[in-house]
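Asks: Provided herewith is a single structure, encoded as structure tokens, for subsequent inquiry.
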């Protein structure tokens, strides 16, 4: 038996085990840190979302030589606002705090479309985050 760093190490068949260094645990603040908010009201943040979707399309289109204005519309429902582009659903935004398919959701959460009528289970970001543009592209909310 060897003693290394105050920890006894037992050699098995002459092979010394690799002892990993202890990992510093996360602090409570690091685990539950809220993303930085942009300070907008819901309607302003929804307008900002539509602008960011168009900017994403323009960035993609500039590489391929396409210059087009997307036909983005909002269709409010009881719990969600449906974002429609042309004849397809871009995604959904939560109008209220609550639960969706057993998971908690907050107002402004961006959800991927599961179909024409409803959103998928998990939130993909929030319209109130400063870096919300990283959670979607012009084609829709990002996959998890």
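Asks: Give segment 76-95 a look and list any residue that's part of a loop (DSSP other than H, G, I, E, B) and closer than 13 Å to residue 119 by Cβ, or say none.
Replies: 77, 78, 79, 95
Asks: Within segment 54-66, how many residues are out of contact with any helix residue (DSSP H, G or I) (no Cβ under 9 Å at 6 or more places or on another chain), assigned to a helix (DSSP H, G or I) and either surrounded by 14 or more Cβ atoms within 10 Å (Cβ to Cβ) or free of Cβ contacts under 8 Å to residues at least 12 places away in the same chain (or both)?
Replies: The total comes to 8.
Asks: One residue is enough: does segment 23-36 have a residue meeting the conditions under 25 Å from residue 133 (Cβ atoms), surrounded by 12 or more Cβ atoms within 10 Å (Cβ to Cβ) and modelled with pLDDT of 70 or more?
Replies: No, segment 23-36 contains no residue that is under 25 Å from residue 133 (Cβ atoms), surrounded by 12 or more Cβ atoms within 10 Å (Cβ to Cβ) and modelled with pLDDT of 70 or more.
Asks: Against the definition (in contact with a strand residue (DSSP E or B) (Cβ under 9 Å, 6 or more places away or on another chain) and not in a strand (DSSP E or B)), how does residue 107 come out, yes or no?
Replies: yes
Asks: Within segment 37-46, how many residues turn out to be surrounded by 12 or more Cβ atoms within 10 Å (Cβ to Cβ) and part of a helix (DSSP H, G or I)?
Replies: Qualifying residue count, segment 37-46: 4.
Asks: Just to verify a result, which residue in segment 113-144, among those that are surrounded by fewer than 18 Cβ atoms within 10 Å (Cβ to Cβ), at pLDDT below 90 and touching a helix residue (DSSP H, G or I) at 6+ places or on another chain (Cβ under 9 Å), is nearest to residue 49 (Cα to Cα)?
Replies: Top of the filtered list is 133.
The values are calculated or read from the model by the stated rules, or taken from the named source; none is laboratory data. In this text, all values refer to a predicted model and were calculated from it rather than measured experimentally. Glycine also receives a Cβ, built like all others from the backbone with ideal geometry; neighbour counts cover every protein chain displayed.
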